[in-house]
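Comments concern the structure below.
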Amino acid sequence: MIGVLRKWANGFMWTAWGFVFITMLLMVSFVITSNNELSVMTLGLIIAGIFFLISFLLFSWITIQKKSFAETGWQLALTGGFLLAYVLVLIKIIL
């Protein structure tokens with residue numbers, strides 16, 4: 001059961017990273033016209049935020065069940081890094 005949850009959490013974590021990375025690329029390129037740029041970036045960040053929260057909650061639950069950071073410590077740190085990137089991208093969009 002925990003192994004399956006760990007795979008799902010990893011999938012959500014890397015998908016969230018993909019959305020954040022694509023959004024960051026869109027901020028510096030001219031792929032999307034200016035009218036749609038903000039709405040696409042906002043949608044990407046909303047999806048990334050949801051996936052980040054799901055993965056963080058799953059990794060936290062796995063850590064509590066295992067009572068150890070040995071297996072999920074790096075994933076919790078990585079999702080924390082995603083949270084930091086997520087907040088920085090949101091600040092960039094808002095300002």
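Here are a few things to note about the model shown:
- Verdict on residue 84 being open to solvent by 30 Å² or more (accessible area, probe 1.4 Å) and on the phi < 0 side of the Ramachandran plot: yes
- Selection count, region 43-68, where residues are farther than 14 Å from residue 2 by Cα and either in contact with a His (Cβ under 9 Å, 6 or more places away or on another chain) or not small (Gly, Ala, Ser) (or both): 10
- Flag set for residue 60, criterion: over 22 Å from residue 23 (Cα atoms) and of a type in the set (Gly, Ala, Ser).
- Candidate set from region 1-45 (those that are under 11 Å from residue 86 (Cβ atoms) and at pLDDT 85 or above); member that is surrounded by the most Cβ atoms within 10 Å (Cβ to Cβ): 16
The values are calculated or read from the model by the stated rules, or taken from the named source; none is laboratory data. Please read these numbers as outputs of a predicted model, since none were measured by experiment. All Cβ positions, glycine included, derive from the backbone under ideal geometry; neighbour counts span all protein chains shown. Side chains included, ligands, DNA and RNA excluded: accessible areas come from the protein's heavy atoms. Shrake-Rupley method; radii C 1.70, N 1.55, O 1.52, S 1.80 Å.
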